[in-house]
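Beneath this line is the structure, given in structure tokens, with notes to follow.
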């Protein structure tokens, strides 16, 4: 009877430490929507697709590795779909199925509109899938969208990268934080203990010998 009245978990949970957990997809987003700019990976956060995938795959956030770009595939692995409102992909799902029905459920940072976000899904040797966050359109984009081409197609906004991680990683981040905190306390205690021992050590008395000649 108790399970009948149990409320479902909210679709997004602020786990602290700059982490947002998507309960429906079982993935963790960074709260910072332009972390590449925050950490100085580029001045404005813009990266080519090869640079974005390399940066995200090597990212170490609070001791957690294994980050990736959001996929353009549907939740069942099919697709990717090209067009507007492709709710099967992770990023469009976040905006159309979560934020549209639960506005202000969590607070994100460093967001900007209009903008484009890379996905991890490759379209060809020259293109990858990306999402225009203003129109919520998913389609292909040159892997180097900043290179001059003819005919020139202007971008609708900066091309950014939003790291995501499979599963709920907040517990591991919290464990890493507690371990560092404990190590800091141990280091402080040892320093205090050594300083106390140094002050309380008795002074050494020097002994002088006088030689008396007969």
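Can you spot a residue in region 141-159 that is without any contact (Cβ under 8 Å) to a residue 24 or more places away in the chain, in contact with a helix residue (DSSP H, G or I) (Cβ under 9 Å, 6 or more places away or on another chain) and assigned to a loop (DSSP other than H, G, I, E, B)?
No, every residue in region 141-159 fails to be without any contact (Cβ under 8 Å) to a residue 24 or more places away in the chain, in contact with a helix residue (DSSP H, G or I) (Cβ under 9 Å, 6 or more places away or on another chain) and assigned to a loop (DSSP other than H, G, I, E, B).
With surrounded by fewer than 10 Cβ atoms within 10 Å (Cβ to Cβ), modelled with pLDDT under 80 and more than 25 Å from residue 72 (Cα to Cα) as the only criterion, which of 204, 179 stands out? Talk me through it step by step, then tell me what you get.
Details: 179 fails: surrounded by fewer than 10 Cβ atoms within 10 Å (Cβ to Cβ).
Result of the check over 204, 179: 204.
Going by the conditions given, is residue 98 out of contact with any helix residue (DSSP H, G or I) (no Cβ under 6 Å at 6 or more places or on another chain) and more than 23 Å from residue 11 (Cα to Cα)? Before you say what the answer is, go through the steps one by one.
Numbers: out of contact with any helix residue (DSSP H, G or I) (no Cβ under 6 Å at 6 or more places or on another chain): yes; more than 23 Å from residue 11 (Cα to Cα): no.
For residue 98, the condition - out of contact with any helix residue (DSSP H, G or I) (no Cβ under 6 Å at 6 or more places or on another chain) and more than 23 Å from residue 11 (Cα to Cα) - is not met.
Test each condition in (1) at positive phi; (2) touching a helix residue (DSSP H, G or I) at 6+ places or on another chain (Cβ under 8 Å) for residue 18 and report the one that comes out false.
(2)
Consider residue 132 carefully, then state whether it is within 24 Å of the chain's Cα centre (by Cα), modelled with pLDDT of 90 or more and more than 21 Å from residue 89 (Cα to Cα). Explain how you work it out, then say what you get.
Numbers: within 24 Å of the chain's Cα centre (by Cα): yes; modelled with pLDDT of 90 or more: yes; more than 21 Å from residue 89 (Cα to Cα): no.
When the stated conditions are applied, residue 132 does not pass them.
Among the residues of region 112-127 satisfying the criterion of being in a loop (DSSP other than H, G, I, E, B) and modelled with pLDDT of 95 or more, which is surrounded by the most Cβ atoms within 10 Å (Cβ to Cβ)? I'd like the intermediate steps shown before the answer.
Within region 112-127, the subset in a loop (DSSP other than H, G, I, E, B) is 112-115, 123-126.
From the residues that got through so far, the ones that are modelled with pLDDT of 95 or more too are 115, 123-126.
Numbers: 115: 21, 123: 19, 124: 9, 125: 6, 126: 12.
Per the criteria, the residue is 115.
The values are calculated or read from the model by the stated rules, or taken from the named source; none is laboratory data. Quick caveat, the model's predicted, so the values are computed rather than measured. In this analysis, Cβ positions are derived from the backbone assuming ideal geometry, glycine residues included, and neighbour counts consider all displayed protein chains.
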